[in-house]
Amino acid sequence: MIVNCPQILSMVMSKTYNEYKGRSVLITGGLGFIGSNLARALIKLGDVEVSIIDSLMPGQGGNLFNVDDIKGRITLHKADMGVDWVINHLVGGVDYIFNLAGNVSHLDSMLYPQGDLEQNCAAQLTLLQACRNFNPHVKIVFTSTRQVYGKPVYLPVDEQHRVAPLDINGIHKLAAENYHLLYHRLYGIRAVCLRLTNTYGPRQLLCHNRQGFLPWFVRQALAGDEIELFGEGRQRRDLNYVDDVVEALLLAGASEVAEGEIFNLGGEAPVSLSEVAQELISLTGRGAVRCVPFPPERQLIDIGNCYSNYRKIEAMLGWRPRTSLRTGLALTVEFYERNRAHYWEPNANTLSESRTAARGG
Ligand SMILES: NC(=O)c1ccc[n+]([C@@H]2O[C@H](COP(=O)([O-])OP(=O)(O)OC[C@H]3O[C@@H](n4cnc5c(N)ncnc54)[C@H](O)[C@@H]3O)[C@@H](O)[C@H]2O)c1
């Protein structure tokens, strides 16, 4: 089924949304960027019980402000998913788990490989073991990354492309995908893996530049700084606005045919990093571009041009990106203009409030 008509797509989405009514959903990493946008979408549906587990890992995107407007309507567990007695207690009776907890930074994975192993492999196994023992038929949607393909040998990369990650994070995410699929095959856990591309939008970490280029470009443009392009910024990438990713997560969660499958997400058209920077400068009316040599530690793990073919998820689940880059960037810029104070400094909303984060927010 190829869905390219907006009316059919909204019918598919409203059927999907009905699947969640009266159900209970656990989001791991739900104080982070994508998880908090997903929590908000589920709350908007109404009649969905949403719980979050998040350890507010320093240096990552967890931020209590991300759920500030829905805090009375979610159950928040500030805890590490990798602790078995915690997660054992949380998975029972849940209908869906959106498993987003993990380290996103490829650069950090090279600096702290053991930390990445803990979060992206060991904690994933702890969650899967908990499901095997206490909720073996739960549906789990796992967010992987297109980084597992490494440097592409053809473009756009589809799910048949060979996997050859160039960094520790890619290796661990690939292992975690395989854990999910193994637990599906052997124990009946209804797992599905999505390989995300660069995702951007409101509620993303902006306070350092180790979680992807786009949030950092947004910050530099808003601050009226020079956006630094490594090389000449000619690398071509595809981007997804976070609402489109949330739609894909919901579709994958609600669909039986998705179980045991891996799906790429992808953007409408590849765009160079320099074009993204120019778009931000034009939107904000601020900032400038400066080309700088590639820092060696980034050059080592750079995948060059990379963008994904998303035809499989389009054909099987009816997903396609719907937000244009211009619209998505405008919404993003507008969000940070309004909420700058909560994102500019490291963990602006985690340090003071983390002690009070508990059940009921
Ligand atoms: N953002 C992207 O562009 C992108 C691209 C590809 C894949 N992904 C994947 O999507 C997922 C979500 O990414 P994001 O951008 O929202 O990241 P994020 O850093 O904003 O959120 C991740 C959250 O997970 C939490 N966390 C980490 N380890 C945990 C643990 N053991 N227990 C409990 N909480 C834990 C962190 O505190 C953080 O709040 C990640 O798995 C990431 O690998 C993201």
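The values are calculated or read from the model by the stated rules, or taken from the named source; none is laboratory data. Just so it is clear, the structure is predicted and the values come from calculations on it, not from any experiment. We place every Cβ from the backbone using ideal geometry, glycine too, and count neighbours over all the protein chains shown.
Here the condition is being in contact (Cβ under 8 Å) with a residue 40 or more places away in the chain and either crowded, with 23+ Cβ neighbours inside 10 Å or among the charged types (D, E, K, R) (or both); of Phe142, Phe213, it holds for Phe142 alone. Based on what the data block shows, is His172 under 19 Å from the mean Cα position of the chain (by Cα), in contact (Cβ under 8 Å) with a residue 40 or more places away in the chain, over 30 Å from Thr327 (Cβ atoms) and not in a loop (DSSP other than H, G, I, E, B)? Yes. Candidates in the range 180-196 are the residues that are within 16 Å of the ligand (Cβ to nearest atom) and either closer than 23 Å to Ile301 by Cβ or in a loop (DSSP other than H, G, I, E, B) (or both); of these, the one that is nearest to the chain's Cα centre (by Cα) is Leu196.
In the set Leu127, Leu64, only one residue is aliphatic (A, V, I, L, M), within 28 Å of Lys44 (Cβ to Cβ), within 13 Å of the ligand (Cβ to nearest atom) and out of contact with any strand residue (DSSP E or B) (no Cβ under 7 Å at 6 or more places or on another chain); that residue is Leu64. Figure legend. Inter-residue proximity from the range 57-84: first residues farther than 18 Å from Ile97 by Cβ, second residues more than 11 Å from the ligand (Cβ to nearest atom) and part of a helix (DSSP H, G or I), beta-carbon distance below 6 Å, spacing 6+ or different chains. Indicated pairs: Phe65/His342; Ile70/Arg40; Ile70/Ile43; Arg73/Ile43.
Considering every residue within the range 267-290, establish whether at least one is under 25 Å from Tyr149 (Cα atoms), surrounded by 16 or more Cβ atoms within 10 Å (Cβ to Cβ) and in contact with a His (Cβ under 8 Å, 6 or more places away or on another chain).
There is no residue in the range 267-290 that is under 25 Å from Tyr149 (Cα atoms), surrounded by 16 or more Cβ atoms within 10 Å (Cβ to Cβ) and in contact with a His (Cβ under 8 Å, 6 or more places away or on another chain).
Does the range 146-159 contain any residue that is hydrophobic (A, V, I, L, M, F, W, C), within 14 Å of the ligand (Cβ to nearest atom) and closer than 26 Å to Gly266 by Cβ? Yes, the range 146-159 has at least one match. The single condition among (1) part of a strand (DSSP E or B); (2) within 30 Å of Leu182 (Cβ to Cβ); (3) away from the ligand (no atom under 13 Å from the Cβ) that Asn240 does not satisfy is (3). Met81 meets all of the listed conditions (1) in contact with a helix residue (DSSP H, G or I) (Cβ under 8 Å, 6 or more places away or on another chain); (2) more than 14 Å from the ligand (Cβ to nearest atom); (3) of a type in the set (A, V, I, L, M, F, W, C); (4) in a loop (DSSP other than H, G, I, E, B) but one, namely (2).
Residues satisfying the criterion are absent from the range 37-49 (criterion: within 15 Å of the ligand (Cβ to nearest atom), closer than 12 Å to Ala101 by Cβ and of a type outside the set (Gly, Ala, Ser)).
Counting only residues that are at pLDDT 95 or above and either more than 10 Å from the ligand (Cβ to nearest atom) or in contact with a Cys (Cβ under 8 Å, 6 or more places away or on another chain) (or both), the range 198-216 holds 1 of them. Residue check: Ile87 meets all listed conditions (1) within 12 Å of the ligand (Cβ to nearest atom); (2) of a type in the set (Val, Ile, Thr); (3) touching a Gly at 6+ places or on another chain (Cβ under 9 Å) but one, namely (3). Just one of the listed residues (Arg311, Arg322) is within 20 Å of Tyr200 (Cα to Cα) and modelled with pLDDT of 95 or more, namely Arg322. Pairs meeting the criteria (first residue in the range 29-48 and in contact (Cβ under 8 Å) with a residue 24 or more places away in the chain and among the charged types (D, E, K, R), second residue more than 13 Å from the ligand (Cβ to nearest atom) and part of a helix (DSSP H, G or I), beta carbons under 7 Å, at least 6 apart or on different chains) are Arg40/Ile70. Within the option set Ser55, Ser109, Ser36, Ser51, being touching a Leu at 6+ places or on another chain (Cβ under 7 Å), closer than 29 Å to Val148 by Cβ and of a type in the set (Ser, Thr, Tyr) holds for one residue only, Ser51.
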